[in-house]
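The structure appears right after this line, and notes come after that.
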Amino acid sequence: MRRCELSGFTLRQLEFFVAAVDEGSVTAAARRLHVSPGGISVALSELESALKVQLTVRRRGKGVSVTPAGRWVYEHAQEMLDRSADIGAVARIVRGELAGPLRVGCFTTLSPWMFPRVALHFTENHPGVDLHLVEGQSAELQQRMRDGELDVTFMYSNHLDADVAGEIIAPVRVRLAVAAGHRLASWETVPLRELREEPAILLALQPAGGHVEAMLRAAGFEPDVRWRSSNVETIRAMVARGLGYTVIMGRPHGDMTYEGLPLAYRNISDELPANNVVVAYPQGAVPTAKTKTLIAFCKEAFGSEGYSVL
């Protein structure tokens, strides 16, 4: 049997070939890989020359079609590229570098505050880590951790299920937000009972919305909830328009809405349940080096900001 000599080609050529087949055109492959279409065409020709077989049919205006031989090479090229990525990750680990996927869940209202800085930190300091973000409600994110789809989740400690552990990142406390011209805007602190006759605009995401309503009931009245929204910016914009108050975590720098209208945030004088932002992971799970690095960074970056920003 004649031995097949697979030499004289590069992984880069295989990458260009796979992209051209996936995208169906040289131009689209070039956009995907951020190279010139000419570079893709040259790589395809060089790969065909090295393998001594036609892999694709390229017609101007009709894209790229793959030959039967090209289909076989395509399947094996994908395997080789996957293995080379795995070998690269192992090499980084051996060198003491962090590498591989880190799948991070984030309660929706927390992600604008936390994730951009986390992403920048890992991009600059641990480029071998493939960071993924999944936003959602706490119950959904905790279930996805149980199912092995997420490594960790940013959330509030009062959302934690019994089988989920949490490392405290920053203490937090809800605040009252009202329009700048509201009668309570000039108060330094506000007791919740002052909101008895006021319309409320509350977060639709659970369990956060339910916790706020429970606080208001504990103050001795049933809140008049006129509107609910899962988007914090929608709530802030409606409050700034004088349509009601909200009690919520999250105080962006500047206290302004998208429309440029001012908001007044006020501390609440009632005794409220303790709460914290945590990095959560399944109870009993041993944190990986990537998770430990994430937790250490978050404690340093956000630990002193809880009461000032949130």
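The values are calculated or read from the model by the stated rules, or taken from the named source; none is laboratory data. No experiment lies behind these values; they were computed from the predicted model shown. All Cβ positions, even for glycine, are placed from backbone atoms using ideal geometry, and neighbour counts span all protein chains on display.
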Residue within segment 228-241 that is closer than 29 Å to Glu149 by Cα, charged (D, E, K, R) and in the same structural domain as Leu195 (by TED's automatic domain parsing) present: yes
Residue that is outside the structural domain of Phe302 (by TED's automatic domain parsing), touching an Asp or Glu at 6+ places or on another chain (Cβ under 8 Å) and at pLDDT 80 or above, where the choices are Leu33, Leu81, Leu44: Leu33
Selected residue (only one of Val286, Val232, Val225, Val278 is under 27 Å from the mean Cα position of the chain (by Cα), of a type in the set (Val, Ile, Thr) and modelled with pLDDT of 90 or more): Val278
Residue count, segment 33-52 (criterion: surrounded by 14 or more Cβ atoms within 10 Å (Cβ to Cβ) and among the small types (Gly, Ala, Ser)): 5
Residues (without any contact (Cβ under 8 Å) to a residue 12 or more places away in the chain and loosely packed, with under 13 Cβ neighbours inside 10 Å) located in segment 248-262: Gly254, Gly260
Some residue of segment 111-134 being under 26 Å from Met238 (Cα atoms) and outside any helix (DSSP H, G or I): no
Number of positions in segment 160-188 that are hydrophobic (A, V, I, L, M, F, W, C), surrounded by 19 or more Cβ atoms within 10 Å (Cβ to Cβ) and part of a loop (DSSP other than H, G, I, E, B): 1
Unique residue being free of Cβ contacts under 8 Å to residues at least 60 places away in the same chain, within 18 Å of Asn267 (Cβ to Cβ) and of a type outside the set (Phe, Trp, Tyr) when the list is Arg173, Arg183, Arg228: Arg183
Filter result for Leu203 (under 26 Å from Thr108 (Cβ atoms) and at pLDDT 90 or above): no
Filter result for the condition that a residue is at pLDDT 90 or above and either within 24 Å of the chain's Cα centre (by Cα) or not aliphatic (A, V, I, L, M) (or both), over Tyr265, Tyr258: Tyr265
Filtered residue count, segment 173-186, keeping only those that are more than 30 Å from Phe297 (Cα to Cα) and out of contact with any helix residue (DSSP H, G or I) (no Cβ under 8 Å at 6 or more places or on another chain): 5
Residues satisfying the stated conditions in segment 135-156, i.e. touching a residue at least 40 places away in the same chain (Cβ under 8 Å), in a loop (DSSP other than H, G, I, E, B) and under 24 Å from Ala99 (Cβ atoms): Glu149, Leu150, Asp151
Any hit, segment 53-70, residues being crowded, with 17+ Cβ neighbours inside 10 Å, part of a helix (DSSP H, G or I) and touching a Leu at 6+ places or on another chain (Cβ under 9 Å): yes
Qualifying residue in segment 152-172 (condition: in contact with a helix residue (DSSP H, G or I) (Cβ under 8 Å, 6 or more places away or on another chain), polar (S, T, N, Q) and modelled with pLDDT of 90 or more): yes
Scope segment 10-32; condition crowded, with 16+ Cβ neighbours inside 10 Å and either hydrophobic (A, V, I, L, M, F, W, C) or in contact with a Cys (Cβ under 9 Å, 6 or more places away or on another chain) (or both); matching residues: Leu14, Phe16, Phe17, Val18, Ala19, Ala20, Val21, Val26, Ala28, Ala29, Ala30
Qualifying residue in segment 205-214 (condition: without any contact (Cβ under 8 Å) to a residue 24 or more places away in the chain and more than 28 Å from the chain's Cα centre (by Cα)): yes
Residues (part of a loop (DSSP other than H, G, I, E, B) and either closer than 20 Å to Ser304 by Cα or touching a residue at least 24 places away in the same chain (Cβ under 8 Å) (or both)) located in segment 263-278: Ser269, Asp270, Leu272, Pro273, Ala274
